[in-house]
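What follows is a set of notes on a single structure, which appears directly below.
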Amino acid sequence: MNYFLTEDQLEMQEIAKRIAVEKIKPLSEHYDQEGIFPWDIVEIMKQSDLFAVLIPEEYGGISGKVADLAIVTEELCAVDMGISLAFGVTGLGMYPILIAGSEEQKQKYLSQIAAGDRLAAFGLTEANAGSDVGAMSTTARKVGDTYVLNGTKQWISNGGEAEIYTVFAMTDPSKGARGCSVFVVEKGTPGFSFGKKENKMGIRANSTRELIFEDCVIPAENLLGREGTGFITAMKVFDKSRPMVGAQAVGVARGAYEVAIKYSKEREQFGKPISSFQAIQFMLADMATQIEAARALVMQTARMVDSGAKNYSKESAMCKYFASDVAMKVTTDAVQILGGYGYMKEYPVEKMMRDAKILQIYEGTNQIQRSIVAANILKEF
């Protein structure tokens with residue numbers, strides 16, 4: 001399907017594809033098995049100005065448009081979603097600064113991210129505060145011209161590797177979600193440490209750790225926006241970032257589909273390629289159609305965000321849950337088409353299936369996304 005990409009978008013797409021195929025693909029299996037964070041790929045992305053795509057021009061970037069990020073993200077994730085998350089999670093981590101930060105904060109931090117000098121991460125989830133943000137227990141107590149943070153964040157992607165963390169904490173726990181604020185905390189700040197690296201089913205080339213705050217003192221100037229606006233900022237971040245999860249899903253689904261269709265034309269049974277059997281043809285046709293539908297939803301939502309639309313929560317949630325469900329279905333079907341070979345680590349589709357599962361869980365479970373869509377459509381009628 002033709003999305004009438006601009007020359008700049010085609011160039012970004014080609015750069016991302018070249019990095020994915022030439023640099024990431026040869027490392028994919030090894031980095032997944034060993035759980036290696038891809039600092040060498042991060043350096044290549046930096047040299048290729050890929051991180052600059054995340055950031056608007058006025059802060060040292062070259063884009064900042066969600067559609068551009070979707071194009072780049074799909075190409076990277078079509079080869080390896082886990083390695084690609086060093087890029088994607090940095091986008092998520094920088095959004096609170098872009099959305100709620102002062103001009104001075106944006107100039108300070110976003111330019112560093114655009115240059116690829118520092119990665120970012122997003123610190124919201126806790127052991128007892130996943131979907132229920134109001135149950136957050138991490139606190140930020142104002143002491144003079146500082147805040148003192150105490151608490152633990154859980155399952156933080158880029159954890160321990162990123163240098164810039166946007167961290168949500170309660171400045172007034174009595175107000176529930178309305179007492180939540182968001183801060184920038186830099187790696188190396190006294191009282192800020194990391195838990196063990198989690199041993200995950202998928203996205204194993206990304207580092208997932210706890211963020212631990214023990215009387216961690218940060219300057220009051222690290223507050224993003226006003227006290228009590230953290231929950232609103234988080235929701236605005238997710239509205240803007242969920243199309244990126246959709247793009248990750250389209251990418252990993254496309255990668256698995258391409259492996260499956262190639263295999264089906266090479267694998268012979270009963271004297272002919274299995275692609276000649278109607279059962280396989282129908283599976284491939286469904287996979288192709290589902291991927292195109294997911295991409296269309298992602299791209300249309302991304303362009304809606306870029307157009308300056310005021311409310312796109314419904315569409316953002318739709319493309320997140322629809323595309324991630326497609327990714328899980330397509331990767332599972334790819335394993336099925338490859339049969340016993342699909343179950344073996346020598347072929348990439350089992351890894352793609354393992355990676356795809358997280359898409360239905362992080363940045364708001366797909367059940368939460370359906371609730372958001374339902375709440376919005378019920379208001380419309």
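I'd like the distance separating the alpha-carbon centroids of the range 299-345 and the range 38-61, in whole Å. Spelled out, the Cα-based centre of one part sits 24 Å from the other. Computed from the C-beta positions of Glu29 and Asn376 and an R0 of 35 Å, the FRET efficiency is 0.25 to the nearest 0.05. The chymotrypsin sites (Phe, Trp or Tyr not before Pro) of the range 192-299 that DSSP puts in a loop, and whose beta carbon has at most 10 other beta carbons within 10 Å, are Phe270. Helix-only arithmetic for the chain: the sum of -39500 (n - 2.57) across DSSP H runs with n ≥ 4, divided by the residue total, places the mean residue ellipticity at 222 nm at -16500 deg cm²/dmol. Once the chain from Val143 to Gln13 is taken as fully extended at 0.36 nm per residue, the excess over their C-alpha distance is 42.0 nm. The order of Ile203, Ile97, going from fewest to most other C-beta atoms within 10 Å of their C-beta, is Ile97, Ile203.
The ranking of Met94, Met170 by Cβ neighbour count inside 10 Å, starting from the fewest, reads Met170, Met94. Under the combined filter of DSSP loop state and at most 15 neighbouring Cβ atoms within 10 Å, the range 322-372 retains these GluC sites (Glu not before Pro): Glu346.
A Förster distance of 56 Å, applied to the separation of the beta-carbon atoms of Asn2 and Asp172, puts the FRET efficiency at 0.65. Rounded to the nearest 20, the Cβ-based charge dipole of the chain about its Cα centre (Lys and Arg +1, Asp and Glu -1) stands at 920 debye.
The slack between Val217 and Gln278, meaning 0.36 nm per residue of separation minus the straight C-alpha distance, is 15.6 nm. Full extension of the chain segment joining Val21 with Ile361 gains 119.7 nm, where the gain is 0.36 nm per residue of separation less the Cα-Cα distance. Computed from the Kirkwood radius of its Cα pairs, the Stokes-Einstein diffusion coefficient for the range 7-114 at 37 °C and 0.692 mPa s stands at 233 µm²/s. Taking a ≥ b ≥ c as the square roots of the Cα gyration tensor eigenvalues, with a/c under 1.5 meaning rounded and otherwise prolate when a/b beats b/c, else oblate, which class fits the range 120-228? Note, shape of the range 120-228 comes out oblate. Extending 7 Å from the Cα toward the beta-carbon at both Met235 and Asp286 defines two label points whose distance is 3.7 nm. A crude spin-label estimate for the pair Asn128 and Gln336, with each label 7 Å from Cα along the Cβ direction, gives 4.2 nm.
Charges at C-beta only: +1 for Lys and Arg, -1 for Asp and Glu. How large is the resulting dipole of the range 15-93 about its Cα centre, in Debye rounded to 20?
So the magnitude is around 120 debye.
May I ask which of Lys197/Lys262; Lys153/Lys240; Lys272/Lys357 have a Cα-Cα span longer than 31 Å here?
Lys197/Lys262; Lys272/Lys357
May I ask which of Lys17/Lys314; Lys65/Lys142; Lys236/Lys329; Lys142/Lys314; Lys23/Lys65 have a Cα-Cα span longer than 32 Å here?
Lys65/Lys142; Lys142/Lys314
Kindly express, to the nearest 10 degrees and within the range 0 to 90, the angle between helix 366-380's C-alpha long axis and the longest C-alpha principal axis of the chain. Between helix and principal axis, roughly 80 degrees. Between 0 and 90 degrees, rounded to the nearest ten: what's the tilt of helix 103-114 against the longest Cα principal axis of the chain? Helix 103-114 and the main axis of the chain meet at about 30 degrees.
The fewest-to-most ranking of Thr139, Thr289, Thr301 by surrounding Cβ atoms within 10 Å reads Thr289, Thr139, Thr301. Averaging the sequence gap over all C-alpha pairs within less than 8 Å and six or more residues apart, then dividing by the number of residues, gives the chain a relative contact order of 16 percent.
Note on the chain: Rg/Rh from Cα positions, Kirkwood definition for Rh, rounded to two decimals, is 0.98. The residues packed around Ser111, meaning those with a beta-carbon under 14 Å from its beta-carbon, carry a net charge of -3 if Lys and Arg are +1 and Asp and Glu are -1. In this structure, Gln107 and Glu258 have a Cβ-Cβ separation that, at R0 = 41 Å, corresponds to a calculated FRET efficiency of about 0.50.
No lab work stands behind these numbers, since they all come straight from the coordinates. Given the structure is predicted, the values throughout are model-derived calculations rather than measurements. Note that we place each Cβ from the backbone using ideal geometry, even for glycine, and neighbour counts take in every protein chain shown.
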